[in-house]
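All remarks here apply to the structure that follows.
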Amino acid sequence: MTDTLVLETEHLTKRYGPQLIAVHDLDLRVRRGEVYGFLGPNGAGKTTTLRMLLGLIAPTSGTASILGSAPGSPEALAHIGALVEGFGFYPYLSGRRNLQVVARYAGVPAARVDGALDQVGLAARGGDAFKGYSLGMKQRLGLAAALLKDPALLILDEPTNGLDPEGMADMRALIRQLGRGERSVVLSSHLLGEVEQICDRVGVIQKGRLVVEGTVADLRGQAGLLVRTDSPARAREILATMAGVGPVAEVDGALRLTADPSRAAEINRRLVEGGVAVSELRPAERSLEEAFLQLTQPEGGVAR
């Protein structure tokens, strides 16, 4: 991964009428060679943002630059592959024939079709009609279409939507492979496990606003300790008197505290001396799910 930006927005905003602000004042930075997770609950404004970046809809205000060009410009689209909002394939044509049609309209050699099918694991089924494909195969064909231009930037909107667990695992592995080297991938998703396993950096959007951006480790925050006891109130009192022990939160009946894990023995001793029986004490860090829920608590209306 390098510091060269392949995608940059400044104050990007999309309004629908006077009431609904779907995307508000959005600043994104995606670097060359990274898989960037665009994370948010359903209706947060993710798809609207991607449609603006692809030139499918115009922003109300703000600017965006993709690979040094304007969204939707021929210069930008020549180096972008995208899978956004479902499929546009002919049901009675084969997967291979569908890709040949896409290649013709994209202005790329038809010779790339078989390579794209092989890249997504559909080489053996390329002659089958699209209508007979499973949902996972349809997703793979959509990804193959996005790869025909050998793009520098891939934009994928919920690529594992509707897949069974095996299909999701296969798609994650494929995206990880595609995100190697100089190619950048923007992955829009509301699935935390997907983002955690694939992405180098993450931006979290809520109600059209970017609320945080950083690595998965950044979002999780500091490591700490998890303490389970039958006297949580007394344990809180004791922990509050200890220097260097941060905020204490209750999680699933246990106490999670910000403290260096090397202090576990000291904390255990102090609790036992204070009359608190400790049944569990182990290192713990905030999960991505906890971080996400804290960042995206609903506060009224929802952008779409």
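Between the residues 133, 235, 30, the greatest Cα displacement towards the positive end of the dipole of the chain, with unit charges on the Cβ of Lys, Arg, Asp and Glu, is found for 133.
Let me have the 222 nm mean residue ellipticity of the chain computed from DSSP H runs of 4+ only, each contributing -39500 (n - 2.57), with the sum over all residues rounded to the nearest 500. Intermediate results must be reported in sequence, preceding the final value.
Working: 11 runs with 98 residues, N = 304.
Rounded to the nearest 500, it is -9000 deg cm²/dmol.
The magnitude of the dipole of the stretch 128-194, with charges of +1 and -1 set on the Cβ of Lys/Arg and Asp/Glu and taken from the Cα centre, is near 180 debye.
Contact order, relative form, for the stretch 52-131: 26 percent (alpha carbon pairs under 8 Å, 6 or more residues apart, mean separation divided by residue count).
Find the accessible area per residue for the stretch 1-50; the probe is 1.4 Å, ligands and nucleic acids are left out, and the unit is Å².
For the stretch 1-50, the solvent-accessible area averages 41 Å² per residue.
Provide, for q = 0.13, 0.15 Å⁻¹, the log10 of I(q)/I(0) from a solvent-free Debye sum over equal Cα point scatterers in the stretch 1-146. Log-scaled intensity ratios, in q order: -0.70, -0.88.
Share of pairwise Cα-Cα distances greater than 30 Å in the chain is 44 percent (whole percent).
Using alpha-carbon pairs under 8 Å, 6+ residues apart, how would you state the relative contact order of the stretch 97-203 in percent? Intermediate results must be reported in sequence, preceding the final value.
Working: 90 pairs, mean separation 24.9, N = 107.
Taking the mean separation of contacting Cα pairs over the length of the stretch 97-203, I get 23 percent.
Across the chain, C-alpha contacts under 8 Å between residues 6 or more apart give a mean separation that, scaled by the residue count, equals a relative contact order of 21 percent. If you take the alpha carbon atoms of the stretch 172-287 and fit the smallest convex hull around them, that volume is 147 Å³ per residue. Rounded to the nearest 10 degrees, the inclination of helix 135-147 to the longest alpha-carbon principal axis of the chain is 70 degrees. Looking at the stretch 121-227, the accessible area is 38 square angstrom per residue; that uses a 1.4 Å probe and ignores ligands, DNA and RNA.
Of the accessible area of the chain, with the probe set at 1.4 angstrom, what percent is carbon plus sulfur? So the carbon and sulfur contribution to the accessible surface is 49 percent.
Would you mind getting the Kirkwood hydrodynamic radius of the stretch 166-238 from its Cα pairs, rounded to one decimal in Å? Intermediate values should be presented prior to the final figure.
Working: mean 1/r = 0.0651 Å⁻¹.
Kirkwood hydrodynamic radius for the stretch 166-238: 15.3 Å.
Once the Cα gyration tensor of the stretch 75-133 is found, what semi-axes does its equivalent ellipsoid get, as square roots of 5 times the eigenvalues, in whole Å, sorted largest first?
Numbers: eigenvalues 75, 37, 24 Å².
Semi-axes from the Cα gyration tensor: 19, 14, 11 Å.
Taking GluC sites (Glu not before Pro) across the stretch 150-231, the ones in a DSSP loop with at most 16 further Cβ atoms lying within 10 angstrom of their Cβ are 182. One way to sum up the overall shape of the stretch 1-78 is the equivalent ellipsoid from its Cα gyration tensor, whose semi-axes run 22, 15, 10 Å, largest first.
When the convex hull of the Cα atoms of the stretch 84-201 is projected onto a plane and the area is averaged over all directions, what value comes out in nm²? Don't skip to the end; give the middle numbers.
On the way: hull surface 28.0 nm².
About 7.0 nm², averaged over all directions.
The values are calculated or read from the model by the stated rules, or taken from the named source; none is laboratory data. Being a predicted model, the structure only gives us computed values, none of them experimental. Don't worry about glycine lacking a Cβ; one is built from the backbone with ideal geometry, like all the others, and counts go over all protein chains shown. Remember, those area values only see protein heavy atoms, side chains included, never the ligands or the DNA or RNA. Shrake-Rupley method; radii C 1.70, N 1.55, O 1.52, S 1.80 Å.
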